[in-house]
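Working notes, beginning with the structure itself.
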Amino acid sequence: MITGLLYHFGRYLVMMGTAVARPEKWKMYGKEMVRQMHDIGVGSLIIVMLIAIFIGAVSAVQFAYQLDGTLVPNYYIGYVVRDLTIIELAPTITCLVLAG
């Protein structure tokens, strides 16, 4: 039992050593990194835009509901939702979608 445990622990240490070792071919890793960035970035562009549209619509409805009956003009809803979406929500939601 102990020998099996030591054997697997040793294999784990060897695996971790190869995981943090310097790569043999830097050119291959550079190309693969660029390919992965392109696939993840461009591949998730449609879903990011779709989520942004829905978040903007929900924000506009909620903001219009909160302003109901006040003396604030309705065209401020567009300004506030634009600023909210572009400045605050776009980076956060994009990061969440890319991480998912």
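The values are calculated or read from the model by the stated rules, or taken from the named source; none is laboratory data. It should be emphasised that the depicted structure is a prediction, and the values quoted were computed from it without experimental measurement. Here Cβ is always computed from backbone atoms with ideal geometry, including for glycine, and neighbour counts include all displayed protein chains. Note: areas computed on protein heavy atoms with side chains; ligands, DNA, RNA excluded. Shrake-Rupley method; radii C 1.70, N 1.55, O 1.52, S 1.80 Å.
Quick notes on this one:
- Since only Q62, I40, I51 are under comparison, the one whose Cα sits farthest along the positive direction of the charge dipole of the range 3-94, derived from C-beta charges on Lys, Arg, Asp and Glu, is I40.
- Relative to the compact-globule estimate of 2.2 N^0.38 Å, the Cα radius of gyration of the chain comes out at 1.94.
- Gaussian network model of the chain, springs between alpha carbon atoms under 10 Å - residue of V14, V58, V72 with greatest fluctuation: V14
- Chymotrypsin sites (Phe, Trp or Tyr not before Pro) within the chain: DSSP coil, no more than 15 neighbouring Cβ in 10 Å: Y75
- Selection from I87, G10, I77 lying farthest towards where the dipole of the chain points positive, charges on Cβ: G10
- Across the range 2-10, rounded Karplus estimates of 3J(HN,Hα) from the backbone phi angles (6.51 cos²θ - 1.76 cosθ + 1.60, θ = phi - 60°) give 5, 5, x, 5, 5, 4, 5, 5, x Hz, Gly and Pro being marked x.
- Share of carbon and sulfur in the accessible heavy-atom surface of the range 17-100 [1.4 Å probe, %]: 70 percent
- Crossing angle, helix 26-43 versus the chain [Cα axis fit, 0-90 degrees, rounded to tens]: 30 degrees
- Where the chain is the region considered: accessible area per residue in Å², 1.4 Å probe: 87 Å²
- Cβ-placed point charges (K, R +1; D, E -1), dipole of the range 1-91 about Cα centre in debye, nearest 20: 640 debye
- Tilt relative to the chain, helix 45-66 - C-alpha long axis, 0 to 90 degrees, to 10: 40 degrees
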